[in-house]
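Chemist: Take this structure, written in structure tokens, and hold onto it; I'll ask about it next.
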Amino acid sequence: MKISIFGLGYVGCVSAACLASEGHDVVGIDINPIKVALINDGMSPIVEPGLSELVAEQRQAGRLGATADAASAVRDCDLTFVCIQTPSAANGSLDLEFVLRVTEEIGATLRDKPGFTAVVYRSTMLPTTMERLVLPLLAKTSGKQPGVDFGVAYHPEFLREGTAISDYRCPARTVIGASDPRTADMVASLCSHLDAPIVRCDLRTAELVKYADNAFHALKVAFANEIGALCRATGINSHQLMAVFCQDTKLNLSPTYLKPGYAFGGACLPKDLRALSYMARNFDLHVPVLESVLSSNAAHKQRALSMVMSKGRRPIGMLGLSFKDGTDDLRESPTVEMVEQLVGKGYQVCIFDPNVSLGHLMGANKAFIDRELPHIASLLVPDMQTLLAKSEVIVVSKRSAAYLGALEGLRPEQKVVDLVRMFPEGSKLEGQYDALVG
């Protein structure tokens, strides 16, 4: 293809050189004449291992050039990338001035350009930016119809400085959010040779996944550093400890625990977080990441309670009581906590959990019920049919295949609050369904 790339900063320059090396004719566009001159002289405007050689090679092959004339570059291309910076404003919001200015410039050029053009954004932008600002602005300035005369895509980059070329050529996955199938196909064709899955999704998902990635990377660094500080205080080799930690790819470095749903609980996680925070205080260490996890969990539980209460003062049926699927453990169960609060506020509550039977509870679980929720016997019902008959708001706090079919035959006045996202798209409960997480 013939490709133009707005912005010859880090992402734009690496993308331009790599695309050219794959056989495309690429022209970079930048308002900085020094960057334009460097590219045209076969030199990289940024320092990145291997990039200077790649730029020189592709410039010599005639597949890579640069210009300040945006209109001519866009007119002659099939696809346009936007790799413009989105710096932070003083209040923490994104400054989109440069992206929107370039978008207007592209739209004005598209007005007189024949054929279909795909405009692909790689600038980091918050979800809904493409739908609210970029797409309408392109349509307005071009006078053309999205999906017919042009299309837009959000194609986030996951390049690390120092390994950018390798990251470009060997990605973990390629994410494409597009306004229409034709644009998605054009972007996908650029990546079809890469040994990585191509993930097609909506624009908002593509925008937010970049932030999820970076937030998690930052969280991992902060987490590792806080554990490292605790290691120093206790005379432990932090690198040795984290090497052992990282060997667990079943739980620690895996998708496990990364599915949005209800709050955590149980006998281990809350207790161990409190103990770590206590130990840190004894060493006069401030570990805000570790200390904030329980606060974050408490805020999530409050969101869940508020959602249930928003359905009005109606009889409530709780599907699930223990803290985890397939167990009868009630210790620090967030559902038990919710039941306590609802009962305390005067709500009528009944509970069904096939794993929780008063006759079989013993040890710590029985002691917990006797101490924390002695009236639980009056709230438990023997089966789901009884719960559905007595309830107008059904709260799903645990996953079970048995719930799926039963909840699709609800009475018109009944509502479902799904705390664990068991029904990914609301199933057949249109108008009766609400989920705690998106």
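Chemist: Has segment 257-276 got any residue that is in a loop (DSSP other than H, G, I, E, B), over 27 Å from the mean Cα position of the chain (by Cα) and under 23 Å from K415 (Cβ atoms)?
Modeler: no
Chemist: In addition: Inspect segment 366-376 for any residue being in a loop (DSSP other than H, G, I, E, B) and modelled with pLDDT of 90 or more and give the result as yes or no.
Modeler: no
Chemist: Could you figure out which of (1) in contact with a Gly (Cβ under 7 Å, 6 or more places away or on another chain); (2) not in a helix (DSSP H, G or I) isn't true of T205?
Modeler: Here T205 clears every test but (2).
Chemist: Six or more apart or on different chains, Cβ under 7 Å: which pairs go from a residue in segment 236-252 that's assigned to a helix (DSSP H, G or I) to one that's among the small types (G, A, S) and open to solvent by less than 90 Å² (accessible area, probe 1.4 Å)? Could you list them?
Modeler: Filtered contacts from segment 236-252: S238/G228; M242/A224.
Chemist: Determine which single condition A56 fails, assuming it passes every other condition in (1) closer than 16 Å to G12 by Cβ; (2) part of a helix (DSSP H, G or I).
Modeler: (1)
Chemist: Please go through segment 286-312 and give me each residue that is loosely packed, with under 13 Cβ neighbours inside 10 Å and within 20 Å of L379 (Cβ to Cβ), ordered by number.
Modeler: Answer for segment 286-312, where residues must be loosely packed, with under 13 Cβ neighbours inside 10 Å and within 20 Å of L379 (Cβ to Cβ): just G312.
Chemist: What pairs can you find where one residue is in segment 292-320 and closer than 17 Å to G438 by Cα, the other is surrounded by 13 or more Cβ atoms within 10 Å (Cβ to Cβ) and β-branched (V, I, T), and their Cβ atoms are less than 7 Å apart, with a gap of 6+ or different chains?
Modeler: These pairs meet every condition: M307/V417; V308/I316; V308/V393; V308/V395; V308/V417.
Chemist: Could you please tell me which pairs satisfy a Cβ distance under 9 Å, a separation of 6+ or placement on different chains, a first residue in segment 402-414 that is among the acidic types (D, E), and a second residue that is open to solvent by less than 30 Å² (accessible area, probe 1.4 Å)?
Modeler: E408/L429
Chemist: Still on this structure, I have one more. Tell me the residue from Y154, Y168 that is closer than 18 Å to E22 by Cβ and at pLDDT 95 or above, please.
Modeler: Step by step, each of Y154, Y168 is checked, and only Y168 is closer than 18 Å to E22 by Cβ and at pLDDT 95 or above.
Chemist: Quick one: in segment 59-73, which of the residues that are in a helix (DSSP H, G or I) and not hydroxyl-bearing (S, T, Y) is most open to solvent (accessible area, probe 1.4 Å)?
Modeler: Ranking the candidates gives Q60 first.
Chemist: Shifting gears a bit: Would you tally the residues in segment 325-349 being open to solvent by 50 Å² or more (accessible area, probe 1.4 Å), among the polar types (S, T, N, Q) and farther than 14 Å from A304 by Cβ?
Modeler: Residues flagged as open to solvent by 50 Å² or more (accessible area, probe 1.4 Å), among the polar types (S, T, N, Q) and farther than 14 Å from A304 by Cβ within segment 325-349 amount to 1.
Chemist: Here's another thing I want to ask about it. Just to verify a result, which residue in segment 206-238, among those that are open to solvent by 70 Å² or more (accessible area, probe 1.4 Å) and under 30 Å from C170 (Cα atoms), is nearest to the chain's Cα centre (by Cα)?
Modeler: L208
Chemist: Going residue by residue through segment 174-187, is there one that turns out to be open to solvent by 40 Å² or more (accessible area, probe 1.4 Å), hydroxyl-bearing (S, T, Y), outside any helix (DSSP H, G or I) and more than 22 Å from S254 (Cβ to Cβ)?
Modeler: yes
The values are calculated or read from the model by the stated rules, or taken from the named source; none is laboratory data. Note that the structure is a prediction, hence the values are computed from the model and not measured. We place every Cβ from the backbone using ideal geometry, glycine too, and count neighbours over all the protein chains shown. What goes into the accessible areas is simple: the full protein's heavy atoms, side chains included, and nothing from ligands, DNA or RNA. Shrake-Rupley method; radii C 1.70, N 1.55, O 1.52, S 1.80 Å.
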